[in-house]
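Notes to accompany the following structure.
The values are calculated or read from the model by the stated rules, or taken from the named source; none is laboratory data. Since this is a predicted model, take the numbers as computed values, not measurements. Reconstructed Cβ throughout: ideal geometry from the backbone, glycine too, with neighbour counts over all protein chains shown.
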Amino acid sequence: MNDFSGRVPLGKTGIQVSRLALALTYRPGRIAVKEALDAGVNCFFGYGFDTQFTSAMREQVKANRGDLVLATGAYNLYWGHPNLRRSLEKRLRQLGTDYIDIFLFLGVNKPSQCPDSVLEELARFRQEGKVRAIGISGHDRKFAGELARDGKVDVLMSRYNAAHRGAEDDVFPHLASHNVGLLSYTATRWTELVRRPRKWPNDEPYPTAPQCYRFVLSNPNVSMCQTAPSNLTQLRENLAVLRQGPLADDEMRLLKRAGDMIHAKKKWFM
């Protein structure tokens, strides 16, 4: 495949996914959902309190549930775990569906926040047929890698971009042992990667948002990359990535150089 327009298997789940997953977090509008679908995007990510996500997905569920991949979950409360079953049942009602494709325990930043009891309950949801794939998201890469290595999750949602490449050492090497799928997010490092630093020479090119997405998708360990545009212009720019291919060597060097500069400023956030 010379571009990113096709669908790929999400690890061992049996789910075929587009290389981009659209999050409606910044409310790009209903037209954005239609344009994403027309471009081949079939995975949509959102939370229960994201009303644009839930209302837009209810419409799509009625139209074509079988080709839709819904990714959502329950957020870690830090001081105590949420009632996962209640959260799941609420998501099912909000989205008007009998099952969720990818159900994640979100915001896990240390192992104590995700005990075996949580993973066991997620596994029960999968056994009951209410969820097709289970996993976690969070910033503790080593813990995420351990979960993948031990086969305790089907999917990991992990930060990965040109400035934060630690997943290449802590997460990616462990995915293959149990064929765990990976959904990456913040390809632009919350837009910082596309804001030219003052120290960057004015006569030299600087990475664009599409190049940031292509950086992520160029890594074969990434099943799909989340994009969260705030308007149609951003969406269309990002969707164009699907018709493009992996970065050329010179582009890859450019992205890593910019990423290293950004990372050096933010060492507190590895």
Notebook entry, point to check: Looking at (1) within 30 Å of Ala176 (Cα to Cα); (2) surrounded by fewer than 22 Cβ atoms within 10 Å (Cβ to Cβ), which is the one condition that is false for Ala71?
Noted result: (2)
Next item on the list: Test each condition in (1) touching a residue at least 40 places away in the same chain (Cβ under 8 Å); (2) surrounded by fewer than 14 Cβ atoms within 10 Å (Cβ to Cβ) for Asp169 and report the one that comes out false.
Entry: (1)
Item checked: Residue, surrounded by the fewest Cβ atoms within 10 Å (Cβ to Cβ), within segment 23-58, restricted to residues that are farther than 20 Å from Arg132 by Cβ, hydroxyl-bearing (Ser, Thr, Tyr) and touching a residue at least 24 places away in the same chain (Cβ under 8 Å) -> Tyr26
Check: Of the residues Phe105, Phe125, which is closer than 30 Å to Asp170 by Cα, at pLDDT 95 or above and in contact with a His (Cβ under 9 Å, 6 or more places away or on another chain)?
Finding: Phe105
Next item on the list: Restrict the check to segment 113-131 and report whether at least one residue is closer than 16 Å to Leu254 by Cα, buried (at least 17 other Cβ atoms within 10 Å of the Cβ) and touching a helix residue (DSSP H, G or I) at 6+ places or on another chain (Cβ under 8 Å).
Entry: no
Note to self: Give me the residue from segment 214-238 that is of a type in the set (A, V, I, L, M, F, W, C) and buried (at least 23 other Cβ atoms within 10 Å of the Cβ) and, out of that set, nearest to Arg7 (Cα to Cα).
What the structure shows: Met224
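From the list Gly151, Gly135, Gly181, exactly one residue is loosely packed, with under 15 Cβ neighbours inside 10 Å, within 30 Å of Leu95 (Cα to Cα) and at pLDDT 95 or above. Which is it? Give the steps one after another, and end with the answer.
Working: Gly135 fails: loosely packed, with under 15 Cβ neighbours inside 10 Å; Gly181 fails: loosely packed, with under 15 Cβ neighbours inside 10 Å.
Being loosely packed, with under 15 Cβ neighbours inside 10 Å, within 30 Å of Leu95 (Cα to Cα) and at pLDDT 95 or above holds for just one of Gly151, Gly135, Gly181, which is Gly151.
Kindly state which strands (runs of 3 or more DSSP E) lie completely within segment 13-58 and contain at least 2 residues that are at pLDDT 95 or above and more than 20 Å from Thr233 (Cα to Cα).
Numbers: elements: 16-18, 20-23, 43-45.
Output list reads 16-18.
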Note to self: Residues that are under 25 Å from Leu255 (Cβ atoms), part of a loop (DSSP other than H, G, I, E, B) and β-branched (Val, Ile, Thr): does segment 159-176 have at least one?
What the structure shows: yes
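If you check Glu251, Glu204, which single one turns out to be part of a helix (DSSP H, G or I) and among the acidic types (Asp, Glu)?
Details: Glu204 fails: part of a helix (DSSP H, G or I).
Answer to the check: Glu251.
It is to be established whether one or more residues within segment 12-22 are crowded, with 16+ Cβ neighbours inside 10 Å, among the small types (Gly, Ala, Ser), in contact (Cβ under 8 Å) with a residue 60 or more places away in the chain and within 17 Å of Ala187 (Cα to Cα).
yes
Here is a check on your reading of the model: is Lys142 of a type in the set (D, E, K, R), on the phi < 0 side of the Ramachandran plot, assigned to a helix (DSSP H, G or I) and in contact with a helix residue (DSSP H, G or I) (Cβ under 6 Å, 6 or more places away or on another chain)? Before you say what the answer is, go through the steps one by one.
Numbers: of a type in the set (D, E, K, R): yes; on the phi < 0 side of the Ramachandran plot: yes; assigned to a helix (DSSP H, G or I): yes; in contact with a helix residue (DSSP H, G or I) (Cβ under 6 Å, 6 or more places away or on another chain): yes.
Criteria met by Lys142.
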Next item on the list: Identify all residues within segment 184-194 that are surrounded by 20 or more Cβ atoms within 10 Å (Cβ to Cβ) and aliphatic (A, V, I, L, M); write none if there are none.
Entry: Ala187, Leu193
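For Gly151, state whether it is part of a loop (DSSP other than H, G, I, E, B), of a type outside the set (Val, Ile, Thr), more than 15 Å from the chain's Cα centre (by Cα) and under 17 Å from Thr13 (Cβ atoms).
Working: part of a loop (DSSP other than H, G, I, E, B): yes; of a type outside the set (Val, Ile, Thr): yes; more than 15 Å from the chain's Cα centre (by Cα): yes; under 17 Å from Thr13 (Cβ atoms): yes.
When the stated conditions are applied, Gly151 passes them.
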Check: Being assigned to a loop (DSSP other than H, G, I, E, B), of a type outside the set (S, T, N, Q), out of contact with any strand residue (DSSP E or B) (no Cβ under 7 Å at 6 or more places or on another chain) and closer than 21 Å to Gln234 by Cα, is that true of even one residue in segment 83-97?
Finding: no
